[in-house]
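The values are calculated or read from the model by the stated rules, or taken from the named source; none is laboratory data. Just so you know, these numbers come straight off a predicted model, no measurement behind them. Note: ideal-geometry Cβ built from the backbone for every residue, glycine included; neighbour counts use all protein chains shown. Heavy atoms of the whole protein, side chains included, go into the accessibility calculation; ligands, DNA and RNA do not. Shrake-Rupley method; radii C 1.70, N 1.55, O 1.52, S 1.80 Å.
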Amino acid sequence: MALGKTKTLVLHTGDHKTGSTSIQYALAAGRIRLAGRTLCYPSRLAHNHLAVRFRNPKSPDAAAQFNPLAETIGKKAADVSVISAEHLEGAKPENVKTVWNTYFTKVAERLRIVSYVRPHASRTVSTCAEVIKVGAFWGDSLEEFFDKRNMTKRLNYTPRCQSWRKEFGEAYTLRPFVRSELHEGSVVADFLKSALGDTDFTIETGKSANESLSLKDLMVIKLVHQSFQDQSTHVRLGMGWALARHLNAHESSKGEKLALHRSLAEKIATVFRNDAKAMDAEFFDGRPLLQDALDRSVETSIAEPQSLRIEDHLSPAQQRDVAAMALTMREMFDNGSGWQGYLRENKIKAISSL
């Protein structure tokens, strides 16, 4: 079968914690319709597994991943094709351009890159909750997370975003992950509007993806992960997502959420003020979107730090019950096979119910 060309290849590069899961689920579930145009999303979930191949884009391993993907896109020859991977947040733009020129120019007429940045304070809170969920943080406070995870460097947005714009020019679109700024108040609608311009689209309604967990639920997951600390990131990620999905299915999960306390909010506002000002000036038409978000984070912060110690949120009896179930899960894991694939398939099946 001869390969055709998609008119526009849209590369969605995140950032993390900016609604990427909602975008990916809507695409993977086929909930998006374009007026008079066809859409191709060649994945059942996301394309995050490709991110590592952008590090050495001409290697045999990269070719083994990108060539089949390009072939799939060429066979579909849809008007619009989308690749979505929030793990590309940390990719080098010059490597992304090499991937585009090496593998995809033969099956795509043009490239658009759409990315989002989340205000510094809320990104800190959301990222901390996420790394607890996937068993990657064991500290006792949000401030400990901020300091140990080097968030000062990670959330210095301006140099990274400037490098993307320098490499791709007008093909690069950066959007603020600020609810009032999103088209129709939806990140999915905003992504489509940013990627497609004037093309009309419809989105079938679905449940929100990746909803935030309560602080107590995070401690439940943290306790479960104690039995899986020696496992790979892939295993802990699958386990955390599965636990979060089941916990979010119950009303009891709608409790106190992780929140910034005043001293940390003030610290973040001081640390990132210059970056917020630069981002607002260069990418958001001088409107103080990220600067105002810093101010609001201080105004809405709680007085005292929250504890991230398991024993401060779960009673001894609750700890016993969760630990016993976690140890049982570990015994099943150690003596069974195919658990990683099973959890991934369940995640895929859950898309249809969103």
**Report entry** Linear extension gain, GLU304 paired with ALA259, 0.36 nm per residue minus alpha-carbon span
**Finding:** 15.2 nm
Report summary line: Note to self: with every protein chain in place and a 1.4 Å probe, the chain gives an accessible area per residue in Å² of 48
Query raised in the report: What are the semi-axes of the equivalent ellipsoid for segment 69-188, taken as the square roots of 5 times the Cα gyration tensor eigenvalues, largest first, in whole Å?
Result: 31, 16, 16
Report summary line: For segment 280-296, in residue order, the Karplus 3J(HN,Hα) values (coefficients 6.51, -1.76, 1.60; θ = phi - 60°; whole Hz; Gly and Pro = x) are 4, 5, 8, 10, 10, 6, x, 6, x, 5, 6, 5, 5, 5, 4, 5, 5
Query raised in the report: Roughly speaking, what % of Cα-Cα pairs in segment 274-325 are separated by over 16 Å, rounded to a whole number?
Result: 62
Report summary line: So the carbon and sulfur contribution to the accessible area of the chain, 1.4 Å probe, in percent, is 49
**Report entry** Fraction of alpha-carbon pairs over 17 Å apart in segment 59-122 - percent
**Finding:** 47
Query raised in the report: How long, wide and thick is segment 119-273, going by the Cα atoms along their three principal axes, in whole angstroms, largest first?
Result: 49, 40, 32
**Report entry** Spatially proximal lysines relative to LYS277 (Cα-Cα < 20 Å; intrachain offsets below 8 disregarded)
**Finding:** LYS153, LYS166, LYS267
**Report entry** Size descriptor, Kirkwood hydrodynamic radius, that averages inverse alpha-carbon separations across segment 240-354, Å
**Finding:** 18.5
**Report entry** In Å, descending, principal axis extents of the Cα set of segment 205-276
**Finding:** 39, 36, 25
**Report entry** FRET E, pair LEU327, HIS183, Förster distance 41 Å, beta-carbon r, rounded to 0.05
**Finding:** 0.30
**Report entry** Cα-based radius of gyration of the chain once divided by 2.2 N^0.38 Å, which approximates compact folds
**Finding:** 1.03
Query raised in the report: Roughly what would the spin-label model give for VAL131 and LYS277, points 7 Å off Cα along C-beta, in nm?
Result: 2.8
Report summary line: For segment 213-229, in residue order, the Karplus 3J(HN,Hα) values (coefficients 6.51, -1.76, 1.60; θ = phi - 60°; whole Hz; Gly and Pro = x) are 8, 6, 4, 5, 5, 4, 6, 4, 5, 4, 5, 4, 5, 4, 8, 10, 4
Query - Under 19 Å from LYS349, Cα to Cα: lysines that are on another chain or at least 8 residues apart - result: LYS207
Report task. Note the full-extension length gain between LYS349 and GLN162 as 0.36 nm times their separation in residues minus their Cα-Cα distance, in nm to one decimal. Result -> 63.5 nm
Report summary line: Here segment 310-327 yields Karplus 3J(HN,Hα) values (6.51, -1.76, 1.60; θ = phi - 60°; whole Hz; Gly and Pro given as x) of 4, 5, 8, 10, 10, 5, x, 5, 5, 4, 4, 5, 5, 4, 5, 5, 5, 5
**Report entry** Amide hydrogen neighbours beyond the local backbone of ARG309, cut-off 5 Å, H modeled
**Finding:** none
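Need one number for segment 102-149: average projected area of the convex hull over its C-alpha atoms, nm².
Numbers: hull surface 22.6 nm².
Projected area, direction-averaged: 5.7 nm².
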